1. So for the stretch 56-63 (the condition being farther than 22 Å from Asp6 by Cβ, in a loop (DSSP other than H, G, I, E, B), of a type in the set (Ser, Thr, Tyr) and more than 11 Å from the chain's Cα centre (by Cα)), does at least one residue qualify?
2. Return the pair list, or none, for Cβ contacts closer than 7 Å from residues in the stretch 41-53 that are of a type in the set (Gly, Ala, Ser) to residues that are buried (at least 17 other Cβ atoms within 10 Å of the Cβ) and part of a loop (DSSP other than H, G, I, E, B), at least 6 apart or on different chains.
3. Can you find a residue in the stretch 51-63 that is under 19 Å from Leu17 (Cα atoms) and either buried (at least 19 other Cβ atoms within 10 Å of the Cβ) or modelled with pLDDT of 95 or more (or both)?
4. Just to verify a result, which residue in the stretch 84-133, among those that are surrounded by 15 or more Cβ atoms within 10 Å (Cβ to Cβ) and free of Cβ contacts under 8 Å to residues at least 24 places away in the same chain, is nearest to Val68 (Cα to Cα)?
5. Would you say Leu118 is modelled with pLDDT of 95 or more, hydrophobic (A, V, I, L, M, F, W, C) and on the phi > 0 side of the Ramachandran plot?
6. Just checking, does the stretch 72-85 include any residue being aliphatic (A, V, I, L, M) and part of a strand (DSSP E or B)?
7. Regarding Pro39, is this residue at negative phi, surrounded by 16 or more Cβ atoms within 10 Å (Cβ to Cβ) and out of contact with any Leu (no Cβ under 7 Å at 6 or more places or on another chain)?
8. Do we have Gly22 as among the small types (Gly, Ala, Ser), on the phi > 0 side of the Ramachandran plot and either surrounded by fewer than 13 Cβ atoms within 10 Å (Cβ to Cβ) or outside any strand (DSSP E or B) (or both) here?
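The values are calculated or read from the model by the stated rules, or taken from the named source; none is laboratory data. In this text the structure is predicted, and so the values were computed from the model without any measurement. Methodologically, a virtual Cβ is constructed for each residue, glycine included, from the backbone with ideal geometry; neighbour enumeration extends over all protein chains shown.
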Amino acid sequence: MMIAMDTEILVDIWQRLLADPGKSWVLFEHGTCVVLTAPHGDLAEQATEILKKFGPARAGSSAGDFGVINLEDVEGWAVTGHHNDVLTYVGPDEPQDQSEIAVGLFGRSKRHRDGTELHVVHVEDKRASANPG
């Protein structure tokens, strides 16, 4: 069973993980973050389009692939997928089995939910700070 993480906790985690002052990103309800390397227009809309295409997991295709990153700055893992700028946070208390495969599958299922539900909970717009006037 998946328990939704508190949005404030997720925002804090991603702010610590993505400390680059020039990186804009968008957070979805189940912990998936889309980093926008070329932010333009409505960031939530831009991230939603990326996640709509690269979020849903499809077994047997590259959409089912994942990688697991052990995090240093916070407890837990970041699970990668087939788009370099789409990452899903998995907390240390989420999967009972904390093997890499179990964490990866858990993160992939969270990314799938975010990629099909597409519910934005936070937008971190760093465009102004990246281009001081």
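1. Checked the stretch 56-63: at least one residue is farther than 22 Å from Asp6 by Cβ, in a loop (DSSP other than H, G, I, E, B), of a type in the set (Ser, Thr, Tyr) and more than 11 Å from the chain's Cα centre (by Cα).
2. none
3. Among the residues of the stretch 51-63, not one is under 19 Å from Leu17 (Cα atoms) and either buried (at least 19 other Cβ atoms within 10 Å of the Cβ) or modelled with pLDDT of 95 or more (or both), which makes the answer no.
4. Per the criteria, the residue is Ala102.
5. yes
6. yes
7. yes
8. no
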